[in-house]
Amino acid sequence: MNSKSIRIVLLFTTLLFCCSNSVEYSENFKNNTSGSYLYNQDDVIEIFYEKNKLKLKWREGVMTPVSIDTNEFFVADMYAKLHFVQHPETKEHYLSIMSEENEGHITYDYLKVPDTYKTPSTLLKEGDYEKALQGYLLIREKDSTSEFINEREFNRRGYRHIRKKEYDKAIGVLKLNAVLHPQSVNVYDSLAEAYLLKGDSLQAFKTYKKALEMNAGNNRAKKFIEAYSNMK
């Protein structure tokens with residue numbers, strides 16, 4: 001265990017023994033701070049209060065931070081001490097990581113987003129492929145190598161739907177993948193297969209044709225196109 005980890009464990013142990021979770025939160029404070037904060041481009045932290053205790057939901061886990069003061073709490077799973085801040089110019093609200101080295105330094109780490117906000121992955125799970133795509137395109141615009149738009153992961157997701165015979169869902173995911181990765185032959189090959197399994201031979205033909213144009217050595221695409229053409 002490195003020195004930083006030791007400091008964190010000691011801090012957490014001290015907080016558990018010395019801090020009380022009986023901090024009283026005003027209704028105004030709870031109303032202003034409850035909500036979702038953008039942890040990253042496809043992940044949110046949800047803050048809510050239950051029986052006057054601050055609760056935090058993150059990555060499908062609900063936790064009770066150690067409340068140090070009304071606006072200061074420690075989250076063990078994040079190894080961080082946090083507080084709520086408002087940007088003086090934009091007036092936007094944030095969750096801010098409190099610096100161990102410089103307690104007076106304020107950072108604006110996790111932006112508070114509207115209650116209606118949904119991450120691209122949430123929209124994808126709900127089957128709203130158009131809105132999900134818009135979210136993923138924004139991510140790609142900022143970082144074309146982002147882990148959140150990984151081609152293989154979308155392909156695996158598409159094949160999971162195929163194995164369950166959820167062909168419309170598979171097509172939705174794989175069409176999204178084709179827009180995000182238009183230069184990938186494999187994406188079009190997978191999408192064509194999903195169309196074919198659904199029974200949409202025309203779309204399978206068009207998609208296999210696109211795959212063959214990108215890679216003349218794609219034998220599966222070539223065989224299907226030949227067979228489809230002979231059926232006409």
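The values are calculated or read from the model by the stated rules, or taken from the named source; none is laboratory data. As the structure is a prediction and not an experimental result, all values here were calculated from the model. Cβ placement follows ideal geometry from the backbone for every residue including glycine, while neighbour counts extend to all protein chains displayed. Just so you know, the surface numbers come from the protein's heavy atoms only, side chains and all, with ligands and any DNA or RNA stripped out. Shrake-Rupley method; radii C 1.70, N 1.55, O 1.52, S 1.80 Å.
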* Taking the condition closer than 30 Å to residue 25 by Cα, surrounded by 14 or more Cβ atoms within 10 Å (Cβ to Cβ) and not small (Gly, Ala, Ser), does residue 108 pass? -> yes
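Okay, residues lined up against (1) under 23 Å from residue 45 (Cα atoms); (2) open to solvent by 30 Å² or more (accessible area, probe 1.4 Å); (3) at pLDDT 95 or above; (4) touching a His at 6+ places or on another chain (Cβ under 6 Å):
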position: 150; (1), (2), (3), (4): yes, yes, yes, no
position: 154; (1), (2), (3), (4): no, no, yes, no
position: 159; (1), (2), (3), (4): no, yes, yes, no
position: 164; (1), (2), (3), (4): no, yes, yes, no
position: 179; (1), (2), (3), (4): no, yes, yes, no
position: 200; (1), (2), (3), (4): no, yes, yes, no
position: 223; (1), (2), (3), (4): no, yes, no, no
* Which condition does residue 113 not pass, out of (1) under 30 Å from residue 56 (Cβ atoms); (2) at pLDDT below 95, if it passes all the others? -> (2)
* **Among (1) open to solvent by 20 Å² or more (accessible area, probe 1.4 Å); (2) over 13 Å from residue 152 (Cα atoms); (3) more than 23 Å from the chain's Cα centre (by Cα), the one test that residue 194 misses** => (1)
* To do: Hey, could you check the stretch 25-80 for residues that are at positive phi and modelled with pLDDT under 95 and say which is most open to solvent (accessible area, probe 1.4 Å)?
  => 51
* Return the total of residues in the stretch 123-139 being within 14 Å of the chain's Cα centre (by Cα) and surrounded by 16 or more Cβ atoms within 10 Å (Cβ to Cβ). => 7
* Would it be correct to say that residue 207 is surrounded by 17 or more Cβ atoms within 10 Å (Cβ to Cβ), touching a residue at least 60 places away in the same chain (Cβ under 8 Å) and either at positive phi or not aliphatic (A, V, I, L, M) (or both)? -> no
* To do: Quick one: which strands (runs of 3 or more DSSP E) lie wholly within the stretch 79-188 and hold at least 3 residues that are in contact with a Lys or Arg (Cβ under 8 Å, 6 or more places away or on another chain) and within 18 Å of residue 38 (Cα to Cα)?
  => 93-97
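Take the conditions among the aliphatic types (A, V, I, L, M) and in contact with a helix residue (DSSP H, G or I) (Cβ under 9 Å, 6 or more places away or on another chain) and apply them to residue 106. Does it pass?
Taking the combined requirement at face value, the residue does not satisfy it.
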